[in-house]
1. Would you please give the residues with an amide H less than 5 Å from that of ILE49, counting only those at least 5 places away or on a separate chain, with H modeled from the backbone geometry?
2. Using alpha-carbon pairs under 8 Å, 6+ residues apart, how would you state the relative contact order of region 63-295 in percent?
3. Treat the count of other C-beta atoms within 10 Å as a stand-in for reagent exposure and order SER301, SER232 from fewest to most.
4. Taking only DSSP H segments of four or more residues, each worth -39500 (n - 2.57), what value at 222 nm results for the chain once the sum is divided by all its residues, to the nearest 500 deg cm²/dmol?
5. Can you compute the FRET efficiency between TYR99 and HIS24 using 1/(1 + (r/R0)^6), with r the Cβ-Cβ distance and R0 = 60 Å? Round to the nearest 0.05.
6. Output the antiparallel fraction of DSSP beta bridges having both residues in the chain, as a percent to the nearest 5.
7. For the chain, how many pairs of lysine residues have a Cα-Cα distance under 26 Å, where the two are 8 or more positions apart or belong to different chains?
8. Using only alpha carbon positions, build the gyration tensor of the chain, then give the equivalent ellipsoid semi-axes as the square roots of 5 times its eigenvalues, largest first, whole angstrom.
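Any read-out appearing in this document is the output of simple, stated calculations on the displayed coordinates, not a laboratory observation. Just so it is clear, the model here is predicted, and its values are computed rather than measured. Because the Cβ atoms are built from the backbone with ideal geometry, glycine has one as well, and the counts that use them run over all protein chains shown.
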Amino acid sequence: MPTTRPDPVMLPKKPMSGTSLSSHSSRADFFSESVIREMTRHALAHNAINLAQGFPDFPCPPELKAAACAALNDDFNQYAITWGAQDFREAIARKAKAYNGMAFNPETEITVTCGSTEAMMASMLALISPGDEVIVPEPFYENYGPDAVISGAVPRYVPLGDGATIDEEAWKAAFTDRTRAIIINTPNNPTGKVFSRDELRFIADLCREHDVIAITDEIYEHILYDGNRHVSMGSLPGMEDRTVTIGSLSKTYSVTGWRVGYALADAGLSGRIRKIHDFLTVGAPAPLQHAAVAALSLPASYYRELARDYDRRRKILYEGLATAGFDCRLPQGAYYIFTDISGFGMTDVAFARHLIETVGVAAVPGSSFCHDGGATKLRFTFSKKDETLHEACRRLEHLG
């Protein structure tokens, strides 16, 4: 009979030079689990309305569901080409040209990934050497900190600020001769800031001056309000060969569980990203890549309706938060409201737990979006049905 090996976690720990295996440090020791996903679990345990994690509670477009079923029935169930199904890469190239003003060769410059999460991680692993500095505007999406640690980078934080413009002097000071890359997220999660063309030109000038790569997370590119326009850093003169543009189906098409994203970059950068991607995940789900072609074929009216629907939801949540005593402003883009909770006299973590356990509404502590600070902030998402938001606002009326 074959010998069965015991579960490795059940093996007795053997001391090594006076230490145990668990006492040895690793990259995982330098960051915690996702606070956003932790808040979701806490919300489920207390039957709270989940305005913490940014996923819709409404269905995706029916065209996508039909395309996914057709792809499965047509037997697209084996590995796709590692860097993405041909028809999907061609569709991405057409979309990037028409909407973002950038031209990419689908054969050499487009890499399909397991969501934008993998696109960011693969890009950083591919382009950053241990000890390189990476500029991270703060507040930032919580994944960027662990991404920097895993890739061996040294994050250098620069304030995003609460105002309409960035502090140019602070940004100039952040660039050094050790800076390898900067992460730009526009529209921004959690603040909703949309970088203007002038701001991006200023940052692009710094990138060229210091020979820095821009890694841009643009997954909310179609969710914009009040006349704001999306500008891709890679479309600016001189940034074509030093920008990685990251996109995803998750937010625009309400399919966060599909895990289909992409990284767009010139052939030199893409060649490195593809090697990391190949050994990191091999490939994104094949049938969903084929179904994604239907998403990128939706008419322009879809994107207008998407922005209009989110604008309505934005105002519902904003009015509810303001009525409940939160200090907040309407975001320029994305689908979050980053609120100030100073007036409630509690830290972000304590107040987030209070809201879940007592009020029945989940949000994310602001400190999870900052390397230092954020204890007076909470992030709420409005990527929910109108009735979900109205009920959350009704519950928040009873704060106190």
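1. VAL361, ALA362
2. Values: 468 pairs, mean separation 74.3, N = 233.
Relative contact order, region 63-295: 32 percent.
3. Working: SER301 8, SER232 22.
Ordered from fewest to most neighbouring Cβ atoms within 10 Å, SER301, SER232 come out as SER301, SER232.
4. On the way: 12 runs with 140 residues, N = 400.
Helix-only estimate at 222 nm: -11000 deg cm²/dmol.
5. On the way: r = 48 Å, r/R0 = 0.80.
That pair, TYR99 with HIS24, gives E of 0.80.
6. Working: 18 of 38 bridges.
Of the beta bridges lying entirely in the chain, close to 45 percent run antiparallel.
7. Counting lysine pairs in the chain gives 25.
8. Details: eigenvalues 186, 159, 132 Å².
Rounded to whole Å, the semi-axes are 30, 28, 26.
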